[in-house]
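The values are calculated or read from the model by the stated rules, or taken from the named source; none is laboratory data. The structure presented is a predicted model; accordingly, all values stated were derived computationally and were not measured. Quick reminder, even Gly has a Cβ in these numbers, built from the backbone with ideal geometry, and neighbours come from all protein chains shown.
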Amino acid sequence: MTADLVERFRAVGTATVSDALDKLGRPGSLLGLAPLADGQQMAGRAFTVRYVSAQVPAGTVGDFIDDVAVGQVVVIDNGGRLDATVWGDILTAVAHRRGIAGTVIDGVCRDTQRALSLGYPIYSRGRFMRTGKGRVEVAQEQAPVTVGGVTVRPGDLLVGDSDGVVVVARDIENEAIGIAEMIARHEEAILNAALDGSTIGDARARFGYHTLQTPGAP
């Protein structure tokens, strides 16, 4: 059931999932995080990691990868820090080989050519070559984190595509996918009607375009 649900979210995409969350009045769109490459897609459940500034002596920076399961998404809270990376080519290669679905970073990544050549999905605030070793360390694994202004909890469902990343909390995922699929059907009907000669205004009115994301609207 979980695998089927993940695939259903992947199929509708981030824009439609974001619209469904608007209808539910819940946050989920991760502000400021962009895909490493156009065309990449990702969906899976969160494995969360929180980084802090390194202590003396510095702690670990990537050993958590051994605990991430196939199909999970690594979600890293580095506080939006842009001067030290938390993800590079070794982690990318290991994650790709192990079937990890992708990586989401509130911060920056490096060694991006490896990810691009493998087609491994990464979403971050940018790229920067300077290592995080000696600058940051892992503080927590599998605890709530804040990424792109949104709380992400272990096991929450993340969807990524060319538009960015959205997270769906576990307590609303079944309701959210039903709404998202409804929105997708209505928007497809609007598009087909417009391409068949209807005006956009008439097509939108017929299929309730202006209330698709409105909380409480049918």
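If you check D161 against the conditions, is it under 20 Å from L30 (Cα atoms) and free of Cβ contacts under 8 Å to residues at least 60 places away in the same chain? Show your work before the answer.
Numbers: under 20 Å from L30 (Cα atoms): yes; free of Cβ contacts under 8 Å to residues at least 60 places away in the same chain: no.
In short, no.
Specify the residue that is nearest to S53 (Cα to Cα); the eligible residues are those in region 105-132 that are in contact with a Phe, Trp or Tyr (Cβ under 9 Å, 6 or more places away or on another chain) and part of a loop (DSSP other than H, G, I, E, B).
Among those that are in contact with a Phe, Trp or Tyr (Cβ under 9 Å, 6 or more places away or on another chain) and part of a loop (DSSP other than H, G, I, E, B), it is G132.
Being at pLDDT below 95 and within 20 Å of F128 (Cα to Cα) is the filter here, so list the residues in region 54-83 that pass it.
A54, T60, V61, G62
Which residue pairs have Cβ atoms under 6 Å apart, sit 6 or more places apart or on different chains, and have a first residue in region 57-74 that is in the same structural domain as L5 (by TED's automatic domain parsing) and free of Cβ contacts under 8 Å to residues at least 60 places away in the same chain and a second that is surrounded by fewer than 15 Cβ atoms within 10 Å (Cβ to Cβ) and aliphatic (A, V, I, L, M)?
Between residues of region 57-74 that are in the same structural domain as L5 (by TED's automatic domain parsing) and free of Cβ contacts under 8 Å to residues at least 60 places away in the same chain and residues that are surrounded by fewer than 15 Cβ atoms within 10 Å (Cβ to Cβ) and aliphatic (A, V, I, L, M), there is no close pair.
Tell me, yes or no, whether region 6-25 has at least one residue that is assigned to a strand (DSSP E or B), surrounded by fewer than 23 Cβ atoms within 10 Å (Cβ to Cβ) and at pLDDT 95 or above.
If we filter region 6-25 for residues that are assigned to a strand (DSSP E or B), which is where we start, we get none.
No, because not a single residue in region 6-25 is assigned to a strand (DSSP E or B), surrounded by fewer than 23 Cβ atoms within 10 Å (Cβ to Cβ) and at pLDDT 95 or above.
Looking at region 131-142, is at least one residue in contact (Cβ under 8 Å) with a residue 60 or more places away in the chain and out of contact with any strand residue (DSSP E or B) (no Cβ under 8 Å at 6 or more places or on another chain)? Steps first, answer last, please.
Initial filter on region 131-142 (in contact (Cβ under 8 Å) with a residue 60 or more places away in the chain): 132-142.
Cutting the leftovers down to out of contact with any strand residue (DSSP E or B) (no Cβ under 8 Å at 6 or more places or on another chain) gives us 133-134.
Yes: region 131-142 contains one or more residues that are in contact (Cβ under 8 Å) with a residue 60 or more places away in the chain and out of contact with any strand residue (DSSP E or B) (no Cβ under 8 Å at 6 or more places or on another chain).
Tally the residues that are of a type in the set (D, E, K, R) and under 18 Å from A69 (Cα atoms), restricting the search to region 118-146.
Going through region 118-146 one residue at a time, the tally reaches 1.
Checking A37 against (1) over 17 Å from G155 (Cα atoms); (2) modelled with pLDDT of 95 or more; (3) small (G, A, S); (4) out of contact with any helix residue (DSSP H, G or I) (no Cβ under 9 Å at 6 or more places or on another chain), which single condition isn't satisfied?
For A37, the failing item is (4).
Would you mind listing the strands (runs of 3 or more DSSP E) fully within region 150-218 where at least 1 residues are closer than 25 Å to P35 by Cβ and among the polar types (S, T, N, Q)?
Numbers: elements: 150-152, 157-161, 164-168.
Qualifying strands (runs of 3 or more DSSP E): 150-152.
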